[in-house]
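Participant: The structure is given below, and queries will be raised subsequently.
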Amino acid sequence: MRILLLFILALSLNAKTMIASYYAKYGIFGTIAEANAIYEANETNYKIFTESKALGLAATLSKHMVQTYSSIGVIKDNILIPNAYISTRKKGDDFYKRIYLFDHKNKKIIRLKYKNGKLEANETMPYYTPDDVLSLYFNLPNYLKKLPKKEIYTFYALGGRKSDGKVDVTFPKGRELEKVKDTFDNAKGVYIKANLYNKVFAGDKGILYLVIDPKNWVTLKGMVKNVLKIGDLKGGLKDFKLIP
């Protein structure tokens, strides 16, 4: 269900609170998951919280799995700088929690691993990145403004490739763009392809397609290709609220 993490909104950092809800559908199974996201910020600090829940048959097969992802940090020059990234997963009677603590000064990330409230590991990640995948998505518009035009934009964020956090972002064009537009019923917006090099679901390759509203950088629709080698997982914005 990590795709729902990347379906969340990304808006002007001047806003204080943003709330969005998303759905995910998979072939003949219909809606298999839903997610809610909250973004809160003031002039100096931010917090992003997302929660996704399996529904229907997917809930039964996954033991009613619920996942959350949070990014907490500061804002400097309109850039989100994470201090902590937290993920949780509840599956049946088991509850897993991972806390990632960023030490930007010494360029390292500490990971604390818990299972059912018990600390199982306190370790240093094999790599350092300035972003997690949530902060990267919100930072992307500002990052792109400062970079020359390229075919592929490479970033590094916790949650990307397992060995180093690598994430590649491209803007589909030509035949690829035509196919994606057809899949999304020619929805208006900016079409982005993100390669996380990290599987979102079993069988896929970690490649996401997103349709983003250029006015406010809200993700409108998204897709993971070839999940379980059966079909595509598709999702979209269901509801959105901006609280000034």
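Participant: Do you know which of the residues in the range 133-177 that are small (Gly, Ala, Ser) and in a helix (DSSP H, G or I) is nearest to Lys107 (Cα to Cα)?
Facilitator: The extreme case among them is Ser135.
Participant: Test Lys181 against the criterion of being modelled with pLDDT of 90 or more, over 30 Å from Asn42 (Cβ atoms) and assigned to a strand (DSSP E or B), and give yes or no.
Facilitator: no
Participant: Let me ask something else about it. Are any of the residues in the range 74-84 assigned to a strand (DSSP E or B), closer than 20 Å to Gly235 by Cβ, within 16 Å of the chain's Cα centre (by Cα) and without any contact (Cβ under 8 Å) to a residue 40 or more places away in the chain?
Facilitator: no
Participant: Would you please name the residue that is modelled with the lowest pLDDT, looking only at residues in the range 216-233 that are among the charged types (D, E, K, R) and open to solvent by less than 80 Å² (accessible area, probe 1.4 Å)?
Facilitator: Only one residue fits best here, namely Asp232.
Participant: Collect the residues in the range 45-73 that are assigned to a strand (DSSP E or B) and among the small types (Gly, Ala, Ser), keeping them in residue-number order.
Facilitator: Scanning the range 45-73 gives Ser52, Ala54, Ser70, Ser71, Gly73.
Participant: Suppose the filter is open to solvent by 40 Å² or more (accessible area, probe 1.4 Å) and either among the small types (Gly, Ala, Ser) or modelled with pLDDT of 95 or more (or both); does Tyr156 pass it?
Facilitator: Considered against the rule, which asks whether it is open to solvent by 40 Å² or more (accessible area, probe 1.4 Å) and either among the small types (Gly, Ala, Ser) or modelled with pLDDT of 95 or more (or both), Tyr156 comes out as yes.
Participant: OK, next. Identify all residues within the range 107-139 that are surrounded by 14 or more Cβ atoms within 10 Å (Cβ to Cβ) and of a type in the set (S, T, N, Q); write none if there are none.
Facilitator: Answer for the range 107-139, where residues must be surrounded by 14 or more Cβ atoms within 10 Å (Cβ to Cβ) and of a type in the set (S, T, N, Q): Thr129, Ser135, Asn139.
To keep it simple, each residue is scored yes or no on (1) more than 21 Å from Ser21 (Cβ to Cβ); (2) acidic (Asp, Glu); (3) at pLDDT below 95.
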{"position": "Glu51", "(1), (2), (3)": "no, yes, yes"}
{"position": "Asp93", "(1), (2), (3)": "yes, yes, yes"}
{"position": "Thr124", "(1), (2), (3)": "yes, no, no"}
{"position": "Asp132", "(1), (2), (3)": "yes, yes, no"}
{"position": "Asn139", "(1), (2), (3)": "yes, no, yes"}
{"position": "Gly160", "(1), (2), (3)": "yes, no, yes"}
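Participant: If you check Lys173 against the conditions, is it open to solvent by 40 Å² or more (accessible area, probe 1.4 Å), closer than 19 Å to Lys150 by Cα and modelled with pLDDT of 85 or more?
Facilitator: Yes: the conditions hold for Lys173.
The values are calculated or read from the model by the stated rules, or taken from the named source; none is laboratory data. Note that the structure is a prediction, hence the values are computed from the model and not measured. No Cβ is skipped: glycine too gets one built from the backbone with ideal geometry, and neighbour counts run over all protein chains shown. Surface accessibility is based on the protein's heavy atoms, side chains included, excluding ligands, DNA and RNA. Shrake-Rupley method; radii C 1.70, N 1.55, O 1.52, S 1.80 Å.
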